[in-house]
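What follows is one structure encoded as structure tokens, with my remarks underneath.
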Amino acid sequence: MEKTTSIHGMWSSRLMFVLAAAGSAVGLGNIWRFPYLTSDNGGGAFVLVYLACIAVVGLPILIAEVLIGRRGRMSPINTLRKMAKEYGTSRGWVGIGWLGIVAGVLILSFYSVVGGWTLHYSWLYVKQLFGGAPLGDPSVAFRSLLSDPLELTFWHAVFMLLTTVVVALGVEKGLERAVRFLMPALFVLLLLLVGYGFTTGHMGEAATFLFKPDFSRISGGVFLSAMGQAFFTLSLGMATMMTYGAYLPREGISIPRVVIAVALTDTSVALLAGLAIFPIVIAFGLEPAGGGPGLIFNSLPLAFEAMPLGTMYGLLFFGLLAIAAWTSSISLLEPGTAFLSEKFGLKHRKGSALLLAGVSWAVGLLSVLSLNLWSDVKVPAGVNVLGGKNIMDLIEFLANDLMLPLGGMLIALFAGWALSRTVLREELSEMPEWLFVVLRWTLRIVAPLLVLAVLAHAVI
Ligand code: PHE
């Protein structure tokens, strides 16, 4: 019989699950990565493919992940091990859990570097608030940050430490309370920035760039980036949501409903971020296309400089972004930590978190160095999808664009084929029959085929 609680603890309510899962989903992926990928991939066409990926592939797999987690109630590896045994299927499925933990360590490695950037910017605005020198030309400020390995390593370490502390303490107490008011605050601030976007008089152009697809821009590469981003932004394919699902109570909670709330929050934050950033980019004479990873760091400070109380808004924005990144980074560390503490004993949770975070921090140093001392180490341009990528890009590509979709595909196949119809139906008892049938066949055939097609097209 399936268990009703997890040994790692439980979310205290449905709302808390939604907040924690949305806290995981909403992060750098929405506010840093989505705008710059849109910028680099030609605007509206990318946004359209991205939204389609969320709806057709992301949502069903999100449901599957949470459901598997809730059924198994352990860390991903042990959940899958247990289920494989109970339902008499191949033990090979446990590989999904391993893939997830490795992907988590890889993603956290560069996520923490970028999280460090947001801390650095918050600190700059704090100093400015107390009379320090203004930022000056943002692109100069950003370049000087990237060229300084020690500064980057320092903030990377601070960010990783913050992440480790929360995970070491257990997610429920500190985190539940924090997300409750921080997520709404971020939302309000984004709305404010969108409001500022209207005053620039360039909202129309920005909306055109974001929402008017230029189909000639769609290529295999655009599909791959959009698919990777859909997985990344929903924290999908690496068993994060499976782990959060393991802490989800059963009584009166419909998985599809809570999952839709999470996906809607996540998507609206990404679109709001786009609507906040592009008017500013255009108004200050920057190019909306090809902004690269520096997009928000190069553009938003211009607006903060021009706004009344701009320094305060700058601090609020980067501070909240750091917090949004933080609630995501803990969810990158949690699955592996849960697994290690099942292995070594629950009282070793702290050591487990520290060990994994240490490994991830060390891997992150590769990303730090690829921004400065090793910036010339690149795949030769034009060879294939990898052309022109530095080490940080490569790690990001491997984890986000390959491992997450692959993990997601396997999760869909597991839920669709390895779990019996009865088990699946038990977990989704509130769903109308026709929708259940659609979902099951999406998991069995449609989603895996779509992921496979995108991966194959891009890699070959
Ligand atoms: N979803 C997070 C973001 O958009 C990143 C993340 C990916 C978190 C995978 C957990 C797992 O920033």
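Just so you know, all these numbers are worked out from the coordinates, no wet-lab data involved. What you see is a predicted model, and the numbers here were worked out from it, not measured in a lab. Cβ coordinates were reconstructed from backbone atoms using ideal geometry, including for glycine residues, and neighbour counts include every protein chain displayed.
Please give the length that would be gained between residue 85 and residue 445 if that part of the chain were fully extended, namely 0.36 nm times their separation in residues minus their C-alpha to C-alpha distance (nm, one decimal).
Separation in residues times 0.36 nm, less the Cα-Cα distance, equals 127.2 nm.
Please work out how much length the chain gains when fully extended from residue 215 to residue 350, using 0.36 nm per residue of separation minus the C-alpha to C-alpha distance, in nm with one decimal.
Fully extending the segment from residue 215 to residue 350 adds 43.6 nm.
What distance in nm separates the simple spin-label points at residue 169 and residue 51, each placed 7 Å from Cα in the Cβ direction?
A separation of 4.0 nm, rounded to one decimal place.
Along the Cα→Cβ direction, 7 angstrom out, place labels at residue 383 and residue 312. What is the inter-label distance in nm?
5.3 nm
Any idea how far the Cα center of region 244-310 sits from the one of region 189-224, in Å?
The distance from the Cα centre of region 244-310 to that of region 189-224 comes to 12 Å.
Give me the distance between the Cα centres of region 17-34 and region 350-369, rounded to whole Å.
Between the Cα centre of region 17-34 and that of region 350-369, the gap is 21 Å.
For a label point 7 angstrom out from the Cα of residue 205 toward its Cβ, which stretches of region 270-295 have the backbone nitrogen within less than 13 Å?
Under 13 Å, as judged by backbone N against the label point of residue 205, lie 278-289 of region 270-295.
Using Cβ contacts closer than 10 Å as the measure, can you line up 57, 49, 94, 359 from fewest to most?
By the 10 Å Cβ count, ascending, the order reads 359, 94, 49, 57.
Calculate the length of the line joining the C-alpha centroid of region 384-460 to that of region 112-127, in whole Å.
Cα centres, region 384-460 to region 112-127: 34 Å.
Could you line up 120, 156, 457 from fewest to most neighbouring Cβ atoms inside 10 Å?
Sorted ascending by nearby Cβ count, the order is 457, 120, 156.
Quickly rank 75-83, 238-246, 363-371 as a protection proxy: mean count of other C-beta atoms within 10 Å, highest first.
Answer by packing, highest mean first, reads 238-246, 75-83, 363-371.
Before anything else, pin down the relative contact order of the chain: Cα pairs under 8 Å, at least 6 apart, normalised by residue count, whole percent.
34 percent
Counting each DSSP H run of 4 or more residues in the chain as -39500 (n - 2.57), what helix-only mean residue ellipticity at 222 nm follows after dividing by all residues, to the nearest 500 deg cm²/dmol?
After summing the helix terms and dividing by residue count, I get -23000 deg cm²/dmol.
Under the 0.36 nm per residue contour assumption, what length would be gained going from the current alpha-carbon distance of residue 420 and residue 157 to full extension?
90.2 nm
May I ask you to order 100-113, 224-237, 343-356 by the average number of other C-beta atoms within 10 Å around their residues, highest value first?
In descending order of packing, they fall as 224-237, 100-113, 343-356.
List the longest stretch of the chain that has no exposed loop site; here a site is one of the GluC sites (Glu not before Pro) assigned by DSSP to anything other than H, G, I, E or B, with at most 14 other Cβ within 10 Å.
Result, exposed sites excluded: 3-250.
With the cut-off at 24 Å, tell me which of the pairs 212/378; 127/389; 82/347; 350/389; 3/343; 85/350 have Cα atoms farther apart than that.
In this structure, 212/378; 127/389; 350/389; 85/350 lie more than 24 Å apart at Cα.
Determine the shape class of the chain: with a ≥ b ≥ c the square roots of the Cα gyration tensor eigenvalues, call it rounded for a/c under 1.5, and otherwise prolate if a/b is greater than b/c, oblate otherwise.
It is prolate, given that a/c is not under 1.5 and a/b is the larger ratio.
So, with +1 on the Cβ of K and R and -1 on the Cβ of D and E, and no other charges, what is the size of the charge dipole of region 14-459 about its Cα centre, to the nearest 20 debye?
About 1420 debye.
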